[in-house]
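Enquirer: So that we are looking at the same thing, I have put the structure below in structure tokens.
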Amino acid sequence: MEPKNVLVVLANPEPSSFCHALASSARGALEAQGHCVTVSDLYAMGFNPVAGRHDFTGVADDSRFHYQTEQARAARENAFGEEIAREQQKVAEADIVVFVFPLWWGSPPAMLKGWFERVLAYGFAYVDGFRFQTGLFRGRRATFAVTTGGTPARFAPDGTYGPIEDILMPLRRLGLEYMGYEVSEPFVAYAAPRVDPQARQAYLDAFAAHAVAIASLPVAPVSREVHPLDLVPQDAWSRGG
Ligand SMILES: Cc1cc2nc3c(=O)[nH]c(=O)nc-3n(C[C@H](O)[C@H](O)[C@H](O)COP(=O)(O)OP(=O)(O)OC[C@H]3O[C@@H](n4cnc5c(N)ncnc54)[C@H](O)[C@@H]3O)c2cc1C
């Protein structure tokens, strides 16, 4: 089996959290199999989740801040700020990206949402006309590991919250699949703060196995011989959507 590059994007502010334990468990199991694991521990890094002109060196239009226009210029001119460029480099090198986070108000923490907005920029992560089956990252894999306070019953089809798959749909469909990723079923540690220590250990072991199983699947190399922005007519820049 080919060793894979795995990027773990971890969004929980507490180093002793169960999210951190899940990330460590997966890392240990993947490294034991010879895979190369990089962890972006966003709170520990002091990652800034707020988008703005500080994302870029230089400017496309200083009279009006249009985010995708600025992202397109930065992608073309290698003018992303250092923090974004570093994260994009990790994404570019990763065969597999694993997102580990707690469910906060029915979504990932704002920290992780901000990482999506800033790092997965127009001209780097997607361009007009290249989405889903033709997405720039087609052939690569991604998955989620989510901890919840709610019990499985809450997330049943007739439960108060509804299925976790529905809750994760925006990140999965409008984010990662849009970019071309093959997204595996999420790993969910339901009611992580409430279950007993044996159940928590079972979660850690199961997630390690989940990560190793994904890493055993084939991935296709992504060609970056052509700059993504050369794939689309210049006047199509920044339409988004
Ligand atoms: C703002 C906010 C909004 C929220 N919204 C929702 C919501 O919409 N839906 C919902 O269901 N929940 C919600 N919650 C609850 C939240 O999802 C859970 O508190 C969270 O998922 C728990 O994960 P954690 O990583 O923070 O675990 P922690 O609370 O850090 O840890 C859980 C337990 O695991 C233990 N642990 C840590 N490491 C290990 C280890 N190595 N081995 C064994 N045990 C270990 C810890 O000591 C602790 O006892 C919300 C919470 C907040 C703060």
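What follows draws every value from the coordinates through simple rules; no lab data is involved. Keep in mind the model is a prediction, meaning the values are calculated, not measured. Glycine also receives a Cβ, built like all others from the backbone with ideal geometry; neighbour counts cover every protein chain displayed.
Enquirer: In the chain, what percentage of the DSSP-assigned beta bridges are antiparallel, given to the nearest 5?
Expert: Here the antiparallel bridges make up roughly 10 percent for the chain.
Enquirer: Let me ask you something else. Based on the alpha-carbon gyration tensor of the chain, what equivalent-ellipsoid semi-axes (square roots of 5 times the eigenvalues) come out, in whole Å, largest first?
Expert: For the chain, the ellipsoid semi-axes come out as 32, 20, 17 Å.
Enquirer: Now for a separate question. With contacts defined as alpha carbon pairs under 8 Å and 6 or more residues apart, what's the relative contact order of the stretch 5-236 in percent?
Expert: Over the stretch 5-236, the number comes to 25 percent.
Enquirer: Return the sequence-ordered ³J(HN,Hα) values of the stretch 40-53 in whole Hz as given by the Karplus equation 6.51 cos²θ - 1.76 cosθ + 1.60 applied to θ = phi - 60°, using x for Gly and Pro.
Expert: 9, 8, 4, 5, 5, 6, x, 4, 8, x, 9, 6, x, 5
Enquirer: Next up: Sorted from largest down, give the three principal axis spans of the alpha carbons of the stretch 36-162, whole angstrom values.
Expert: Its Cα atoms span 50, 31, 30 Å along the three principal axes.
Enquirer: Quick one: order THR69, THR38 by neighbouring beta-carbon count within 10 Å, fewest to most.
Expert: Neighbour counts put them in this order, fewest first: THR38, THR69.
Enquirer: Which residues in the stretch 216-230 place their backbone N less than 17 Å from a point set 7 Å from the Cα of MET1 along the Cα-to-Cβ direction?
Expert: Backbone N within reach: 216-220.
Enquirer: Okay, next question. Take LEU231, project a point 7 Å from its Cα along the Cβ direction, then tell me which residues of the stretch 86-100 have their backbone nitrogen under 15 Å from it.
Expert: Within reach of a label on LEU231: 92.
Enquirer: Please list 3J(HN,Hα) in residue order for the stretch 181-189, calculated via the Karplus relation 6.51 cos²θ - 1.76 cosθ + 1.60 where θ = phi - 60°; whole Hz, with x for glycine and proline.
Expert: 5, 8, 9, 6, 4, x, 9, 10, 9
Enquirer: Per-residue ellipticity at 222 nm for the chain, helices alone: DSSP H runs ≥ 4 residues times -39500 (n - 2.57), over residue total, nearest 500 deg cm²/dmol?
Expert: Calculated mean residue ellipticity at 222 nm is -10000 deg cm²/dmol.
Enquirer: Right, another one. Please list the non-local residues whose amide H lies under 5 Å from the amide H of VAL9, H modeled 1.01 Å from N, same-chain partners needing a gap of 5 or more.
Expert: Under 5 Å from the amide H of VAL9 lie the amide H atoms of SER40, VAL98, PHE99, VAL100, each far enough along the sequence or on another chain.
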